[in-house]
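Peer 1: Please find one structure pasted underneath; my questions will follow.
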Amino acid sequence: MTYAEAARTLCRLGRIFGERGWLPATSGNLSIRLQANPLLFAITRSGADKQCLEPRDIIRVDAEGRVVDGGPYKPSAETVVHITLYQALAPGCILHVHSLYNNLVSEWAFERGAVTIARHELLKALGHWEEDATIDVPVVENFADLDRLAAAVRDAARPGVPGVLVRNHGIYAWGEDAFAAKRHLEAFEFLFEYVIKLWQLGL
Ligand SMILES: [Zn+2]
């Protein structure tokens, strides 16, 4: 994917997720890998309103977090988490959003270290087709030191679960490309809302 194509895709995803309330108050960051080796990716700039992204808000960054293209803008402060995940897991796209339900479920499950989701149709969207499928979505502490946060997210990631929750902060979800990452993120967000509402109902 070219830088221009990635920028268009990230603007579109920002609009969609923004309308759903997943990127409040300029929070969240979205990226697409342009090149694996050496690493080069496109990412939303720091401080942008993600509902109104334009191609100039998407900057090109290298493995050191240096801006390769992007005018006067700085990359997202959480760029180091994206770099760490690209280097460890080699996804094609990483989506980080702050939704109400991912925040609620992260606080609710933090002491256990993971949110367990079992026997739900949408687990298929995460690649689990067995009838009794169960996954544990890890939750890590919201370290203020972003290098420490990046290492915690990387170390918590487990095979077959393309996302890690950060306590009272949000989720990092990823996939082999933007289509897969969006599908995974939507499945997670649906399942988190389902889990919270199930708990509210006392079921
Ligand atoms: Zn964040």
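Peer 1: Rounded to two decimals, what is Rg over Rh for the chain when you use alpha-carbon atoms and the Kirkwood radius?
Peer 2: 0.96
Peer 1: In whole Hz and in residue order, list the ³J(HN,Hα) couplings for region 176-184 that follow from phi through the Karplus curve 6.51 cos²θ - 1.76 cosθ + 1.60, θ = phi - 60°; x for Gly and Pro.
Peer 2: Once rounded to whole Hz, the list reads 5, 8, 5, 4, 5, 5, 5, 4, 4.
Peer 1: Also, quick follow-up: Sort His82, His120 so the one with the fewest other Cβ atoms within 10 Å of its own Cβ comes first.
Peer 2: Sorted ascending by nearby Cβ count, the order is His120, His82.
Peer 1: Measuring from label point to label point, each 7 Å out along Cα→Cβ, what is the Ala36 to Leu198 span in nm?
Peer 2: So the label points at Ala36 and Leu198 sit 3.6 nm apart.
Peer 1: Which order, highest average first, do 159-167, 25-33 follow once you tally other Cβ atoms within 10 Å for each residue and take the mean per peptide? Could you put the intermediate results ahead of the total?
Peer 2: Values: 159-167: 20.1, 25-33: 22.2.
Highest-to-lowest ranking by the protection proxy: 25-33, 159-167.
Peer 1: Also, quick follow-up: Taking GluC sites (Glu not before Pro) as exposed when DSSP calls them loop (any state but H, G, I, E, B) and at most 11 other Cβ atoms lie within 10 Å, what is the longest stretch of the chain free of them, the sites themselves excluded?
Peer 2: In short, 132-203.
Peer 1: Another one. Between 0 and 90 degrees, rounded to the nearest ten: what's the tilt of helix 3-19 against the longest Cα principal axis of the chain?
Peer 2: With both axes taken from Cα atoms, the answer is about 40 degrees.
Peer 1: On to the next question. May I ask for the net charge around Phe179, where only other residues with Cβ less than 12 Å from the Cβ of Phe179 are counted and Lys, Arg are +1 while Asp, Glu are -1?
Peer 2: Here the count lands on 0.
Peer 1: Based on the alpha-carbon gyration tensor of region 105-203 and its eigenvalue square roots a ≥ b ≥ c, which shape applies: rounded if a/c is under 1.5, prolate if not and a/b is larger than b/c, or oblate?
Peer 2: oblate
Peer 1: Could you calculate the contour length gain from Gln87 to Leu100, that is, 0.36 nm times the residue separation minus the distance between their Cα atoms, to one decimal place in nm?
Peer 2: The span from Gln87 to Leu100 would gain 1.8 nm if fully extended.
Peer 1: Between region 75-150 and region 9-71, what is the separation of their alpha carbon centroids in Å?
Peer 2: 19 Å
Peer 1: Another one. Can you give the local net charge around Ala90? Use residues other than it whose beta-carbon is closer than 10 angstrom to its beta-carbon, Lys and Arg +1, Asp and Glu -1.
Peer 2: 0
Peer 1: Non-local amide H neighbours of Val115 (under 5 Å, H modeled in plane, Pro and chain starts lacking H): which ones?
Peer 2: Distant-sequence amide H within range of Val115: Val137, Val139.
Peer 1: Another question about this same structure. Tell me, what ³J(HN,Hα) does each residue in region 105-120 have, in order and in whole Hz, if you take phi through Karplus 6.51 cos²θ - 1.76 cosθ + 1.60 with θ = phi - 60° and put x for Gly and Pro?
Peer 2: Values per residue, Gly and Pro as x: 6, 5, 6, 4, 9, 4, 4, 7, x, 6, 9, 8, 10, 10, 6, 10 Hz.
Peer 1: HN-Hα J couplings of region 68-78 from phi, Karplus 6.51/-1.76/1.60, θ = phi - 60°, integer Hz, Gly and Pro as x?
Peer 2: Once rounded to whole Hz, the list reads 8, 9, x, x, x, 7, 9, x, 3, 4, 8.
No lab work stands behind these numbers, since they all come straight from the coordinates. Please read these numbers as outputs of a predicted model, since none were measured by experiment. Note: ideal-geometry Cβ built from the backbone for every residue, glycine included; neighbour counts use all protein chains shown.
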